[in-house]
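Working notes, beginning with the structure itself.
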Amino acid sequence: MAEKKNLVTIRARKEDIKNADALVAYLVNGEGELIESAPFKGGDAQFKAEAKSIQGTKIFIAPAVPAEAGKRKITEKTLLKMGAWQPSARLGLNNAINLPLLPPIIHPLPFKWCHVTGTLTKSFTIDGINKVLPVCNARVHICEVDPIKIIWPQIPDKVITDLWWRLKEIIRKPISLPDPVPGPIRGPIRFPKPLRDLTPLINTRIDAKLTDFVKRSEIINQQAKLPVFPLQVQNAILSDSISVFSDSLRNNFTLFHPYLCLWPWYWPWFYKTDPIATVTTDCNGQFDYKMLLYLLGDHPDIYIWVETLIDGQWVTVYRPRIACNTFWNYSCGSNINIRITDPRVTPCVCDPLPGAIVWMKRVNSGVSIRNIQQNENASGHLANAVGLTNFASSNKTSPFGSSFPFVVQFGSGFPNASVTHYRWKFRKLKDGYLQNDISSIKMLEGEVAKPYTYEVETPDGTVFASDSFRLGPIYDAAGIPRYKIPHVEASDDVPQPTAEWNQDTASININSLNLSDGLYEFIFELLDNAGNVVSVPANTFVVDTKLSTGPSTVIADGLPENYVVNVAGKTSRFTFKMRIDNTKCYADVLDALVDGNTTDTECGFGHYNNKAGDFAALRFLAGQEHDFASYSFAVTKGNSNPVGIANAADSVTVPNNGYSISPVIVGGVIKDKYEKNNIPLATMLGTCTLAAFAEVLHVSATHTDGSRILREYDAGDTAAIAIAP
C-alpha cells in the first residue's frame, strides 16, 4: 500500500501479512474513545489521521467487530475485552509504525449473547403480612463494572499502599467496635501516613455524625460476615513487599470485595461502571436485555440501579453500593431479583387499552407472541425454525418447554353485550422432526384467577390487602370450558371499591410436559355468555410491533404471520404456532487416541514413539435430538493452558476448528459424533515431553419457558488423559 503524505501506516512483518489481513488497527484517544479504524490490506493498515495528530493516542490491533454488535459504541474497554493487542507506537520512515511481531490474536472473534434478565418487586403490608408485588414501568439502568485488569494501570500506588496497610491491621487484629447502641457515630477515620497527601482526592474525613456509606452498626455487621482469606493471600498481605501484595490483590480481586465494602472511599479507584442499557419493567416487574460478549466463556460483572416516576418526576429509588451489590461473574440468563424498599413506590398498575381490543402479548414474561416465527424459513443452524423464538441467541433457535402462561391484555371495550368470555384450543401439526402428525382439536383448561390489591384503612394508616378473582373454567352442559373476560376496572368484578389489578391477564397455563415434542397450533376464541363463538371485527386482535420506533402494537389482520382469517371484515379466532420440546441434551467425551492407540487404560495414558511425527485423535458426542443446543469442547494442558488446536464451539451440527461430524447409533439412538484426527502431538505437548490434559464438554440447551433458558436441559461431561513417550 502506498503511503499518503503525513498519514500514519501500521505495517506488519512479511511473515505476518497473512494473519494481519484478518485484523483491524484501531486508533483511540486519551479518554479511551475510538477515533478511527483501518483494516489491514497486504500487511498494511493506513489511518486517515496525520502523524502530527497521533501524539497522546493509543493503537490497538484486534479482529473486526462482529456485525451482530450493531451500532454498539466501541471504546478502549471494548477492544480490551476483544483481546486486543497494544503495540508500541513509534513512528519510523514515511510515518510508518513497523510491528516487530504479531502475537496470536483470536480470529474470527468468538462471541455470544448474554441475556440479562430480572424482576423488580417491593414488599407491601397486605393482609397483615408482607406481600411481594411487582414494580412496573420503572427504568432499570444496566451497567457493566470494569474488570480490574482494565482499570489496574489507573490506580495510584498510594491507594494500593493504603489498602495494604488497612488489611494488615485486620489480619493482625480484627476491627473491634462497641455494640451498636444509640449514641454518637464513630469519629472521623483518618488515612495513615502513606496516604495523607492523597486525602484531598478521596475524602478528607468521614463526617463525625453520619455519612451515606459508613455507620458503626454497618461496619460491625460487615465485619461479622467477612470471609477468611486463603493462607497464600494472608501471607501476601503480611509480607514486606508491596509488589507481592499488589500481585495478590490483582489476581484474587474477587476475594477482596467484602473488605472493600467497609471502605467506600476506595471505590472510585477500584470500581468503574459503564452504562449498557436502560430498560423498562413490564406489568410483572420483569426486565431484560441482550448484551454482546466478545469472548466465549466471558461472564460480565453487572450492576443495576433503578428510577421510578413519582409525582411526575423520575426519582432514583434503588442505587446500592457497587462493591457490595455488583453481580460478579453474572450467569447469563439467571434472574436478578431486586427488592425496592423506597416507601414512595406504590403497587403496579398498568394503563388499560382503549376500545374493544385484545392484545395477544407474551408467553410468560419474556417472549412476545410476535417474536415466535410462523413461517418455515431457516434460522441459525436450523433449516426450519417455525414455532421458535430467539430467547437463547440472536437466531430463532429456542423451542418452548416446561410450563408457562399465555399473557393477553383486554381493552376497555370488553366484556360487552356480545362478548363476555374466551377460551383456548390447540392441536398438534407436526412431530419433533417436523413430519406431519395432525391431531384433532382439543380444549385447554385449568384453574385461572386474576389477582388484585385493594386499600384497607387501619388505625395505623392505609395498608394494602390482596385477593383474586376466579376467571374459570366454567363448563357448559357438554363439558366445554370457557373463561370470564375481566373488566378493566377491578371494582366492576370484585366487591372492594379501591381494587386495582395488573391489566395483563395470564389467560391460561400450559404444562408442555404433558405434550409430545412437535409443532402445535394454539387457538384463541371470543365467546358470548352461552359459550358460542362470536365473530368480531378483524382489527380486534393486535400484537407487538417489530419496529424499533412507533406504536407498541400493530393490528394482527393482514400480517404475514396469518394470525387471523379475515372473512368479509370479520374473524372468529386468533391462531399461532409454537414448537414444544422437552428432550434434554446429551454429552459424552469418548476415549482419545494417541498414535492410533486408545487411552482407555488402567492409568489413562496414551503413549507415542515420535513426538514430531505422531498424532492424537479427540472425539466426543454432543447434541440434542432435534438440534436445539450449542456445544463447547475445551482441552486444557496442565494448569490452565488451553490447547487451541483441540478446542471447538458452535451450534450443534456445525463443525468447528477442523472437527468432523458423523451420525452414530448409541443404545438404539442416533447421536452426533465429533472427531478430529491428526492433531500433531508436537502442538499439543509444546515444550513438554509428557503432559496431562483435561477435556471438558458442555452442551447448552436453547429451550425456554418464556422467562428463562431451561438450564436443567443442559448436559456435560469431563475426561482426562495423559500423554507420554
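The values are calculated or read from the model by the stated rules, or taken from the named source; none is laboratory data. Treat the numbers as computed from the prediction; the structure is a model and nothing was measured. Here Cβ is always computed from backbone atoms with ideal geometry, including for glycine, and neighbour counts include all displayed protein chains.
Structure data summary
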| read-out | value |
| --- | --- |
| Strands (runs of 3 or more DSSP E) fully within segment 1-68 counting 1 or more residues that are surrounded by fewer than 15 Cβ atoms within 10 Å (Cβ to Cβ) and in contact with a Phe, Trp or Tyr (Cβ under 9 Å, 6 or more places away or on another chain) | 34-39 |
| Residue count, segment 526-535 (criterion: surrounded by fewer than 19 Cβ atoms within 10 Å (Cβ to Cβ) and outside any loop (DSSP other than H, G, I, E, B)) | 1 |
| So A356, is it among the hydrophobic types (A, V, I, L, M, F, W, C) and in the same structural domain as T545 (by TED's automatic domain parsing) | no |
| Subset tally (residues that are of a type in the set (A, V, I, L, M), out of contact with any Asp or Glu (no Cβ under 9 Å at 6 or more places or on another chain) and buried (at least 18 other Cβ atoms within 10 Å of the Cβ)) for segment 487-514 | 3 |
| Breaking point among (1) hydrophobic (A, V, I, L, M, F, W, C); (2) assigned to a helix (DSSP H, G or I); (3) modelled with pLDDT of 70 or more, for I151 | (3) |
| Cβ-Cβ under 9 Å pairs, at least 6 apart or on other chains, segment 617-637 side within 25 Å of L382 (Cβ to Cβ) and assigned by TED's automatic domain parsing to the domain that holds G606, far side among the basic types (K, R) and buried (at least 24 other Cβ atoms within 10 Å of the Cβ) | H626/R579; F628/R579 |
| Residue match in segment 709-724 (condition: touching a residue at least 40 places away in the same chain (Cβ under 8 Å), crowded, with 17+ Cβ neighbours inside 10 Å and among the basic types (K, R)) | no |
| Qualifying position, being within 26 Å of N395 (Cβ to Cβ), basic (K, R) and touching a helix residue (DSSP H, G or I) at 6+ places or on another chain (Cβ under 9 Å), among K676, K671, K637 | K676 |
| Candidate set: segment 448-479, residues that are assigned to a loop (DSSP other than H, G, I, E, B) and modelled with pLDDT under 95; chosen: the one surrounded by the fewest Cβ atoms within 10 Å (Cβ to Cβ) | P459 |
| Residues of segment 594-614 that turn out to be among the aliphatic types (A, V, I, L, M) and either loosely packed, with under 15 Cβ neighbours inside 10 Å or touching a Lys or Arg at 6+ places or on another chain (Cβ under 8 Å) (or both), as a count | 1 |
| Residue under evaluation W165, criteria (1) modelled with pLDDT under 75; (2) over 30 Å from T341 (Cα atoms), criterion not met | (1) |
| Matching residues, segment 562-590, being touching a helix residue (DSSP H, G or I) at 6+ places or on another chain (Cβ under 8 Å), buried (at least 17 other Cβ atoms within 10 Å of the Cβ) and over 30 Å from A720 (Cβ atoms) | V564, T571, F576, I580, N582 |
| Subset of segment 30-71 that is of a type in the set (S, T, N, Q) and free of Cβ contacts under 8 Å to residues at least 12 places away in the same chain - its residue that is farthest from V8 (Cα to Cα) | Q55 |
| Hey, F410 in a strand (DSSP E or B), in the same structural domain as N502 (by TED's automatic domain parsing) and of a type in the set (F, W, Y) or not | yes |
| Test: residue in segment 231-254 that is under 24 Å from the mean Cα position of the chain (by Cα) and either among the hydrophobic types (A, V, I, L, M, F, W, C) or modelled with pLDDT under 75 (or both) | yes |
| Criterion (in a strand (DSSP E or B) and either modelled with pLDDT under 75 or surrounded by 15 or more Cβ atoms within 10 Å (Cβ to Cβ) (or both)) met by exactly one of T121, T78 | T121 |
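Residue-wise test of (1) of a type in the set (S, T, Y); (2) modelled with pLDDT of 95 or more.
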residue: F628; (1), (2): no, yes
residue: K637; (1), (2): no, no
residue: S640; (1), (2): yes, no
residue: D650; (1), (2): no, no
residue: G667; (1), (2): no, no
residue: D672; (1), (2): no, yes
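A quick yes/no check of all residues on (1) farther than 29 Å from T254 by Cβ; (2) within 23 Å of the chain's Cα centre (by Cα); (3) part of a strand (DSSP E or B):
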{"site": "I304", "(1), (2), (3)": "no, yes, yes"}
{"site": "L309", "(1), (2), (3)": "yes, no, yes"}
{"site": "C324", "(1), (2), (3)": "no, yes, no"}
{"site": "C332", "(1), (2), (3)": "no, yes, no"}
{"site": "I336", "(1), (2), (3)": "no, yes, yes"}
{"site": "P343", "(1), (2), (3)": "yes, no, no"}
{"site": "C350", "(1), (2), (3)": "yes, no, no"}
{"site": "G355", "(1), (2), (3)": "yes, no, no"}
{"site": "M360", "(1), (2), (3)": "yes, no, yes"}
